[in-house]
Ligand code: NAP
């Protein structure tokens, strides 16, 4: 039976470590400060931001949410970022994506001070990651590495395959694995014979955004499979395709869908992975919880650097 890599457990461990670091900063003068900029009313973004602010409060991190109206201009938003850059009590600035279409998102992200870029997405920090220099790392890939290490899954010398090449997940995950001395292959939508490439992986990272596409054909028996995908299904027929009646585990998922009208699935087939993998992250409860935990770590790291407590 495959081992479940429990993201909630690792998140709680990381949060406990954060608490003592926040107390130390408070004893030196002030808590870490996180400013979240949420433009307009995107329901999914509002939930993400609420969870980030809630976790900050739980840990004693001072957080504030700035909520400009949907019709704010790029220039006005740049001015908000500029003010946050100058504020001594703000250690981390997070601009929640996606921004409305009329905003020049690249200009906005470029203005965030690299010192306060707790998402690790500024080109300076992407460069730091490429060169293995210190700096904030993108939260989701950093969470994956934490999970592997805390479950004592060795990375050095392993064949790792990352499916997805986004700046947010795929590329930074591949670089972090490379720095941990894995032999890394990065795949994308133009990769021929994706199943064959994936079957070479001892560590397989799926970050495609395609529900349950990574089936048993893609999984080397005994591999560690990390499922980054978060896909919300709202059609019963789609749920039935992934969870056909009679297959162990299907009835519970169909009942959960019937109760809520939606079901969250990853990019990895949730029934196949249990049968083929050596270890895997479930969805929900795998990679997801670690993203916010690593945002807290990045904010505290930034505060420690800026206050001079290291
Ligand atoms: P993205 O920007 O849409 O990138 C998707 C990548 O997957 C692209 O590189 C694309 O290739 C590749 N791809 C798409 N379909 C493919 C296929 N059929 N075969 C091979 N490659 C394919 O997505 P993202 O932001 O990286 O996010 C990926 C998934 O992770 C999404 O489900 C997202 O919701 C989830 N996510 C979860 C968390 C979390 O906290 N758990 C955080 C961030 C993202 P091309 O480059 O060739 O187009």
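The values are calculated or read from the model by the stated rules, or taken from the named source; none is laboratory data. Bear in mind that the values here come from a model prediction, so they are computed numbers and not experimental data. When we count neighbours, we look across all protein chains shown, and the Cβ atoms used for this are built from the backbone with ideal geometry, even at glycine.
From the list 44, 69, which residue is out of contact with any helix residue (DSSP H, G or I) (no Cβ under 8 Å at 6 or more places or on another chain) and closer than 23 Å to residue 230 by Cα?
44
Can you tell me which residue within the range 223-262, out of those that are loosely packed, with under 12 Cβ neighbours inside 10 Å and under 30 Å from residue 152 (Cα atoms), is farthest from the ligand (Cβ to nearest atom)?
If we take residues in the range 223-262 being loosely packed, with under 12 Cβ neighbours inside 10 Å and under 30 Å from residue 152 (Cα atoms), then 248 is farthest from the ligand (Cβ to nearest atom).
Just to be sure I understand the filter: pairs with C-beta atoms under 8 Å, separated by 6 or more residues or on different chains, first member in the range 166-189 and closer than 21 Å to residue 135 by Cα, second member in a helix (DSSP H, G or I) and near the ligand (Cβ under 8 Å from one of its atoms). Which pairs pass?
Short answer, once both residue conditions are applied: 168/140; 169/140; 173/140.
Can you name the residue in the range 168-187 that is surrounded by 20 or more Cβ atoms within 10 Å (Cβ to Cβ) and part of a loop (DSSP other than H, G, I, E, B) and, of all such residues, is farthest from the ligand (Cβ to nearest atom)?
182
Hey, among 101, 120, which residue is away from the ligand (no atom under 15 Å from the Cβ) and either assigned by TED's automatic domain parsing to the domain that holds residue 203 or part of a loop (DSSP other than H, G, I, E, B) (or both)?
101 is the lone residue from the list that is away from the ligand (no atom under 15 Å from the Cβ) and either assigned by TED's automatic domain parsing to the domain that holds residue 203 or part of a loop (DSSP other than H, G, I, E, B) (or both).
Residue check: is residue 109 in contact with a helix residue (DSSP H, G or I) (Cβ under 9 Å, 6 or more places away or on another chain), part of a helix (DSSP H, G or I), under 16 Å from residue 76 (Cα atoms) and within 16 Å of the ligand (Cβ to nearest atom)?
For residue 109, the condition - in contact with a helix residue (DSSP H, G or I) (Cβ under 9 Å, 6 or more places away or on another chain), part of a helix (DSSP H, G or I), under 16 Å from residue 76 (Cα atoms) and within 16 Å of the ligand (Cβ to nearest atom) - is met.
Among 286, 209, which is the only one that is surrounded by 24 or more Cβ atoms within 10 Å (Cβ to Cβ) and within 16 Å of the ligand (Cβ to nearest atom)?
Criteria check complete, one pass: 286.
When you check residue 246 against the structure, is it farther than 26 Å from residue 167 by Cα, in contact with a strand residue (DSSP E or B) (Cβ under 7 Å, 6 or more places away or on another chain) and not assigned by TED's automatic domain parsing to the domain that holds residue 91, yes or no?
no
Restricting the search to the range 140-157, which residues are under 18 Å from residue 183 (Cα atoms), more than 16 Å from the ligand (Cβ to nearest atom) and in a helix (DSSP H, G or I)?
Residue satisfying the conditions is 149 alone.
Going residue by residue through the range 293-300, is there one that turns out to be in a loop (DSSP other than H, G, I, E, B) and at pLDDT 95 or above?
No, that holds for no residue.
Just wondering, is there one or more residues in the range 80-91 that are under 28 Å from residue 218 (Cβ atoms), crowded, with 22+ Cβ neighbours inside 10 Å and in contact (Cβ under 8 Å) with a residue 24 or more places away in the chain?
No - not one qualifying residue is present in the range 80-91.
Only one of these is in contact with a helix residue (DSSP H, G or I) (Cβ under 8 Å, 6 or more places away or on another chain), part of a loop (DSSP other than H, G, I, E, B), within 12 Å of the ligand (Cβ to nearest atom) and more than 18 Å from residue 286 (Cα to Cα): 137, 165. Name it.
Criteria check complete, one pass: 165.
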